[in-house]
Amino acid sequence: MNNEKVCSPSNEVIYKQDGTCFTKEALIRIANVWNKSHGKSNGEIKNVATKSKTKLWNEINKKMYKFCHG
């Protein structure tokens, strides 16, 4: 297997560039579901389509941190 094509935290070529293995399209879907589930009053993720992949991932990660890390 060619490790350069596998995304993981240890693969500097793929993972370190954006800090995530998700595609931009997947991040947009995640953010849209977050917005539908939590509404504007509970921390809407704004400008989903225009944010960079890294900024979108960082915002999703920040919003979901308390759910994933208790």
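Rolling a 1.4 Å probe across all protein chains gives VAL48 an accessible area of roughly 20 Å². Here the gap between SER10 and LYS55, fully extended at 0.36 nm per residue and compared with their Cα-Cα distance, gives a gain of 14.2 nm.
Taking Rh as the Kirkwood radius computed over C-alpha pairs, what is the Stokes-Einstein D of the chain at 10 °C in a medium of viscosity 1.306 mPa s, expressed in µm² per second? Walk me through the numbers on the way to the answer.
Working: Rh = 13.1 Å.
Taking Rh from Cα pairs, D becomes 122 µm²/s.
List the lysines whose Cα sits under 20 Å from the Cα of LYS40, skipping any in the same chain fewer than 8 residues away. Answer for LYS40, where 20 Å is the Cα cut-off: LYS51, LYS55, LYS62, LYS63, LYS66, listed by chain and number.
Distance between the pseudo-spin-label points of ASN42 and CYS21 (7 Å out from Cα toward the beta carbon): 2.8 nm. Between PHE22, ASN11, ASN35, the Cα set farthest toward the positive side of the dipole of the chain (charges on each charged residue's Cβ, about the Cα centre) is that of ASN35. Return the calculated 222 nm mean residue ellipticity for the chain, to the nearest 500 deg cm²/dmol, obtained by summing -39500 (n - 2.57) across DSSP H runs with n ≥ 4 and dividing by the residue count. The per-residue figure over the chain is -15500 deg cm²/dmol.
Excluding ILE28 itself, calculate the net charge of residues whose Cβ lies under 11 Å from the Cβ of ILE28, where each Lys or Arg counts +1 and each Asp or Glu counts -1.
On the way: positive: LYS24, ARG29, LYS51, LYS53; negative: GLU25.
That sum, taken over residues with Cβ under 11 Å, equals +3.
Give me the angle, in degrees from 0 to 90, between the Cα long axis of helix 24-38 and the longest principal axis of the Cα atoms of the chain, rounded to the nearest 10. That works out to roughly 30 degrees. Past the 16 angstrom mark, what percentage of all C-alpha to C-alpha distances in the stretch 31-70 do you count? Looking at the stretch 31-70, the distances longer than 16 Å represent 31 percent of pairs.
The solvent-accessible area of PHE22, taken with every protein chain present and a 1.4 Å probe, is close to 90 Å².
The values are calculated or read from the model by the stated rules, or taken from the named source; none is laboratory data. Just so it is clear, the structure is predicted and the values come from calculations on it, not from any experiment. Cβ sites come from the backbone with ideal geometry, for glycine too, and all protein chains shown count toward neighbours. Remember, those area values only see protein heavy atoms, side chains included, never the ligands or the DNA or RNA. Shrake-Rupley method; radii C 1.70, N 1.55, O 1.52, S 1.80 Å.
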